[in-house]
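Everything on this sheet refers to the single structure shown next.
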Amino acid sequence: MNKNRNFYLGLVLVLPLLASLPFWVQSEYFFFAAYSVLQFVILAVAWNILGGYAGYVNFGSAAFFAIGAYSTIVGYKLHFPQGANILLGTFMAGLVGLGMGYITLRLKGVFFSIATLAMSVVLLTIVTNTPFLGGARGVYVIVSRESPVGTGPYIHWLYFLILAMAVVSVIISRIIEHSWLGQGLMAIRDDEMAAEGLGVPTLKLKLIATSISGALMGLAGTTFPYLITYVEPTATFNLSFAVNSIAMPIVGGLGTWIGPLLGALLLGSIQQIASVTLSSSWNLLIVGGVLVLFVTLAPNGLVGFFKKWSGK
Amino acid sequence: MDISFDLLLNAIFSGLLLGGFYAALSLGVSISFGMLDIVNIAHPAMVILGAYLSWWLNEKFGIDPILAGFLLGPFFFLVGNLIYRLYYDRFEKGGGGDSLRGLAFFFGILFIIEMILILAFGVDYRNVNTSYTDKTISFGVVTVAYRLLIPFVISVGLLLVIRWAFKKTYFGRAVSAVAQDPLALQLMGVNPVKIKGYAFGLSLFTAVVGGAMLIIIQSVQPSAGREYIGLVFAIVVLGGMGNLTGTLLGAMILGVAESMTATFAGPSWAPAVSFGLLLLTLVFRPQGIFGK
Amino acid sequence: MENTTQTQMPLVKVSAVTKKFGGFTALSNVDLVIAPGERVGLIGPNGSGKSTLVNCISGMLKIDGGSIEFAGENISSLPPHARVHAGIARSFQIPRPFKTMTVFENIMVVLNFSGNDRKSADDLRSTEERAMDIVQGVGLHSKKDHVSASLTQVELRKLELARAMAANPKVLIADEALAGLSGAEVDEILDLIMGMKEKGVSVLMIEHIMSAVMRFSERLVVLVAGNKIADGLPQDVINNPEVIKAYLGE
C-alpha cells in the first residue's frame, strides 16, 4: 500500500538523521530537552490507543509511567542489567493495564475515568509507604558518566534509548490503527452497544487496548530513573503526566497515530522553552490553557485543522 | 496495638466533624455531577481558590474568612453561570455524548487555577488565625476544636438549607426536574439551560464557602485541590448521585474512615482511604450505598 | 430451502423467560419459538415488553428466569457478540451507526467481526466485495462513502438493516425498523426485510404498523404487560377477543 510505503520510507530517512544528532549537536541540554519531548511522544501515543481509538479516557497515565520507573528501581536493586529492567517495566505495566481493565472496564464513560484516577492514587500511596521502593524518601540510582556507545556523556545513550522507544510506539500505534483491532476499537468508540450487538467482542478488545496502552506508558518510564538518578513518588506520579498525556492527543488530533505525535512535539517543546525562559509553574499553566483552548475551539486538533484547510 | 477508648472516641468524633465539612465540599459536585451530569473535576481547585481569596480578604481587610466566603459567594455564582453557558455552548448543544471534551475542559481549568494561584501567592502554605482557631471545647472525654466544630455546623446547615430549597422552592424543583427530564421542563416553558446555569453557579457558590471553611480547618497550598478530587467524587458516588442526604451520610462515613486510618495507621495512608473507597464503590456498587 | 415441518428443531426457543427491573416485572414466563426461515411478527401495546424481549434474546439483558436456546444450545449466559457469532443479529429501533465511519466502513466492521468463518464455504468473494453487495442490496450504493452521520432517516434505517444482514445471521430481529417512516419508505424497508426469507433467514419483526405486520407475518405473537396472550396465524390472532381488548382498551 502506498501509505505504508510512504511511512516507512519517511522513517528510514528521518531516523538516521535523528540518531546522528549526538555526533554534531554540542549542547548537552538539548538532549535532556529532547528526551523529555520524546518521553511525551510515547505517553501521548500510548494514551491515544485507549483514549483516541476506543474513547476511554485514562486519568492514570502517571501510574503506568511510575510502574515502569519503579520496576527499574526493583531491577536495579537486584542488579539486573538495563535491558532486563526495560523489559520488566514494560511487562509489569502491561499486566497492571490488563488488571485495571478487568476492574474498571465495566464502568462507562466518566466513571471509568474517575476509577483510573482512583487507582493511580492508591498505587501512589502504596509506593510511598513501601520502604523497599524508597518510600517517600526516594531511591538513588547510580549511572555511569559516559555513554556505553562511544561518543560522549550518558545522556546520549538515554537519548538513543528513548528515541528507539518512541519509534517503536509510533509504529505499534500505526499498525493497530490500520488493523482489525483499531477498527474494532473505533467501533467501540462510536457506539459500544451497537458494536457489541453486531459481533465485536468489546470487552476483549478493550482489555487488549488497556494492556498495550499501559505497557507503552510503562516503557516510557523504564529509563526515567537513569535520567533523574533520584526517584521519589511525587516526581514520578506527577499529575502533569496525566494532563499532558490527555492534552497532547487532543491538541494534535485524537484517534490517529500522528495526532499525539504532533501534539507531543508541539506541547512538549513549548513546555521545555517555557520552563527555561519562565518557570516550571508557567509550564502547566500553558498546558492547561492550551488544552482548554483546543477543546473549546479546535476539538479535532491540529490534524483536524489540517484536514479542513486542505479541503477534505 | 494498645487502642485506648478515648483515642478511638476522639478519632470518631473528629471524623464525623470532618465528614460534615467534606459534605460541604462535595455538595457542589453532587449538584454539578450528580444532577447535571457535568464532570467538574476542577471543583476542588475552585475550593482552594476560594480558600486563598478568603485568606487574602482576611489578611488585607481583617474580615473573618467564613464571612469572606459568603461575600465572595455571589461572585462565584455569576462566574459559575457563565462557565456553564460556555460549557453548554461548546459541549452539550451539539448533542452531548462526548464527555471527553467536557472532562478535558475542566482538567485544563484545574491546572490553570492551580498555576495562577502559584504565580499569585507562591507555593508556601497559608493559614489564618481568627479568635477561635485555637480554642477547644470538651464534652466529657471528647475534646473538639472550634475550628472543626464551626465549619461542621455551617456545612450541615448549608446542606440542609439547599436540600430544603430543592424540595420546596420553584427554582429547586426545576433543577431536580431538569436532571431527570429536560424535555418536559422545556414543554412547561422553562429554559433548561438557564436553570442549569443557575444550578452550576450554586455549585460554585458552595465551593467558595467550602474553601473559606477549609482555610479555618487547615493550611492550604495551591495544589491541595488534587487530594480532594478522589474524596469529593467518592462521596458523591457513595451517597448516590444527586442525593444530598446521601452525600452527607457518605461524607461522614468517609470522614470517620479517614480519621481512623490517620490515627491508627498513619496519615500517609489517608489518600488511599478515599480513593480506595471510591474505587471499591465504582466497581461493586456504582449506584452508591444510598442510591437506587 | 426445504420446508419440513414438525421434525425440524426450532431455531430460537425462548422458554418461560422472566425479566424484572427492581420490583417491576417486564416479562413474565414468556415462551416463543422461531423456526428456520419463518417470519414472525411481534406486536403489543407500548410498554408491553417487546423491546425487553428483544434485548434478552440478543443478550443485552440478562434474564431472571427461564432459558433461551439457539439451534439447540443454551445461550442464556452468552454475551451479545457471541450470540451474533452463533447467528442472531438485531437492528436497533433508533439507528446506531458508527458515526465517524462511512456506510461502507460500517458494513466492513461487521463483516470483519462476525468472522469470515460465517460465510458459506463456496463464497469466494473478498470481504470488500461482500460489503459492496450488501450496500447495493439495500440501495445505498450512491452513499457508500458518505459518513453515516450525514444520512437521512430512511438511509439510516437501511444501513441499520444492512449491518445486521452483514452479520450473516440465521435469525434477524428487526426492532421497529419502520417507525416514523412514510408510506413509500415503509414499503422499501419492508421489501428488504421480507427478502430475507429467500436467503433462508428467519425474521422476528417487532412493529406497530398493522398493515406491514399483516403483510409480513406468517405467524403473529402478541405481548401485553409482559405476558404472551396470543400466538398463531395472523388472521386468528387479530380476531382473538383478548387481543382486541388489549388494543382497544377496556
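Okay, here's what the table says:
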{"quantity": "Pairwise label distance in nanometres, B:A265 with A:A298, each label 7 Å out on the Cα-Cβ vector", "calculated": "4.6"}
{"quantity": "Between region A:162-228 and region A:289-303, the Cα center-to-center distance that results, in Å", "calculated": "23"}
{"quantity": "Kirkwood Rh (inverse of mean 1/r, distinct Cα pairs), the protein assembly as shown, angstrom", "calculated": "29.8"}
{"quantity": "Between region B:74-140 and region B:240-292, the alpha-carbon center distance in angstrom", "calculated": "21"}
{"quantity": "Alpha-carbon radius of gyration plus Dmax, which is the widest Cα pair, for region B:118-196 in Å", "calculated": "21.0, 58"}
{"quantity": "Fluctuation leader among B:M252, B:M46, B:M188 - chain B, Gaussian network, Cα springs under 10 angstrom", "calculated": "B:M188"}
{"quantity": "Partners for C:K143 among aspartates and glutamates (Cα-Cα distance below 15 Å; same-chain residues under 8 apart left out)", "calculated": "C:E105, C:D133, C:E155, C:E160"}
{"quantity": "Base-10 log of normalised Debye intensity for region B:67-187 (one unit scatterer per alpha-carbon) at q = 0.16, 0.17, 0.21, 0.22 Å⁻¹", "calculated": "-1.15, -1.20, -1.32, -1.34"}
{"quantity": "Size of region A:1-84 as Cα extents on the principal axes (Å, biggest first)", "calculated": "42, 41, 24"}
{"quantity": "Helix runs (DSSP H) in chain B reaching 27 Å along axis by Cα, Kyte-Doolittle at least 0.5", "calculated": "B:5-29, B:65-87, B:99-121, B:146-168, B:192-217, B:244-264"}
{"quantity": "Low-density loop cleavage sites - chymotrypsin sites (Phe, Trp or Tyr not before Pro) in region B:107-158, where at most 12 other Cβ are within 10 Å (DSSP)", "calculated": "B:Y125"}
{"quantity": "Calculated on alpha-carbon atoms, Rg and Dmax of chain B in Å", "calculated": "18.9, 64"}
{"quantity": "Rounded to the nearest 20 debye, dipole of chain B from Cβ charges on Lys, Arg, Asp, Glu", "calculated": "840"}
{"quantity": "Qualifying aspartates and glutamates (Cα of each under 16 Å from Cα of B:K196; at least 8 residues distant if same chain)", "calculated": "B:D37, B:D89, B:E92, B:D181"}
{"quantity": "FRET efficiency estimate (nearest 0.05) - Cβ-Cβ, B:K167 to C:D187, R0 56 angstrom", "calculated": "0.60"}
{"quantity": "Test item: A:183-192 mean partner chain Cβ contacts at 10 Å", "calculated": "5"}
{"quantity": "Largest-first principal axis extents of the Cα set of region A:51-189 (Å)", "calculated": "49, 38, 18"}
{"quantity": "Structure-based [θ]222 nm, the protein assembly as shown - -39500 (n - 2.57) summed over DSSP H runs of at least 4, per residue, nearest 500", "calculated": "-20500 deg cm²/dmol"}
{"quantity": "Mean Cβ neighbour count within 10 Å, used as a protection proxy, ranking C:186-197, C:29-40, C:141-152 highest first", "calculated": "C:29-40, C:186-197, C:141-152"}
{"quantity": "Dipole-positive endmost among B:G20, B:L82, B:T206 within chain B (Cβ charges, Cα centre)", "calculated": "B:L82"}
{"quantity": "Region B:191-249 shape via C-alpha gyration tensor axes, a/c threshold 1.5", "calculated": "oblate"}
{"quantity": "Rg in Å to one decimal, and Dmax rounded to a whole Å, for region A:217-282 via C-alpha atoms", "calculated": "13.1, 35"}
{"quantity": "Chain A, dipole about Cα centre (Lys/Arg Cβ +1, Asp/Glu Cβ -1), debye to the nearest 20", "calculated": "340"}
{"quantity": "Given charges at Cβ of Lys, Arg, Asp, Glu: region C:12-248 dipole, positive-most of C:A166, C:A212, C:L53", "calculated": "C:L53"}
{"quantity": "Within a Gaussian network of chain B (alpha carbon springs, distance under 10 Å), most fluctuating of B:A265, B:A207, B:A42", "calculated": "B:A265"}
{"quantity": "Globularity ratio of region C:12-248, using Cα Rg and 2.2 N^0.38 Å", "calculated": "1.00"}
{"quantity": "Rough spin-label spacing in nm, given labels placed 7 Å along Cα→Cβ, for A:L78 and B:E227", "calculated": "3.4"}
{"quantity": "For chain A, diffusion coefficient by Stokes-Einstein and Kirkwood Rh (Cα), 10 °C, 1.306 mPa s, µm²/s", "calculated": "80"}
{"quantity": "Peptide A:292-298 - average C-beta neighbours from other chains (10 Å radius)", "calculated": "5"}
{"quantity": "Per-peptide average of other Cβ atoms within 10 Å, ordering A:288-301, C:222-235, C:82-95, A:10-23 highest first", "calculated": "C:82-95, A:288-301, C:222-235, A:10-23"}
{"quantity": "Only Lys, Arg (+1) and Asp, Glu (-1) charged, at Cβ; the protein assembly as shown dipole about Cα centre in debye", "calculated": "720"}
{"quantity": "Chain B: most fluctuating residue of B:A199, B:A270, B:A234 per GNM, C-alpha cutoff 10 Å", "calculated": "B:A270"}
{"quantity": "Trypsin sites (Lys or Arg not before Pro) lying in DSSP loop within region B:128-229, provided at most 16 other Cβ fall within 10 Å", "calculated": "B:K135"}
{"quantity": "Cα-Cα over 28 Å, subset of A:K108/C:K20; B:K194/C:K20; A:K108/B:K93", "calculated": "B:K194/C:K20"}
{"quantity": "Violating pairs (Cα-Cα greater than 23 angstrom) within the set A:K77/A:K206; C:K144/C:K170; A:K308/C:K158; A:K3/A:K307; C:K13/C:K50", "calculated": "A:K77/A:K206; C:K144/C:K170; A:K308/C:K158"}
{"quantity": "Cα-projected label distance for B:R90 with B:W56, points at 7 Å along beta-carbon direction, nm", "calculated": "2.3"}
{"quantity": "Solvent-free Debye scattering, log10 I(q)/I(0), computed from the Cα coordinates of region B:1-130 at q = 0.16, 0.19 Å⁻¹", "calculated": "-0.95, -1.16"}
{"quantity": "Partner chain coverage, peptide B:278-285 - average Cβ within 10 angstrom", "calculated": "5"}
{"quantity": "Positive-pole candidate from B:V283, C:V17, B:A120, dipole of the protein assembly as shown, charges at beta carbon", "calculated": "B:A120"}
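A short reminder: the numbers here are calculations on the coordinates, not readings from a lab. The shown structure was predicted, so the numbers you read here are calculated from the model rather than taken from an experiment. Cβ: placed from backbone, ideal geometry, glycine included. Neighbour counts: every protein chain shown.
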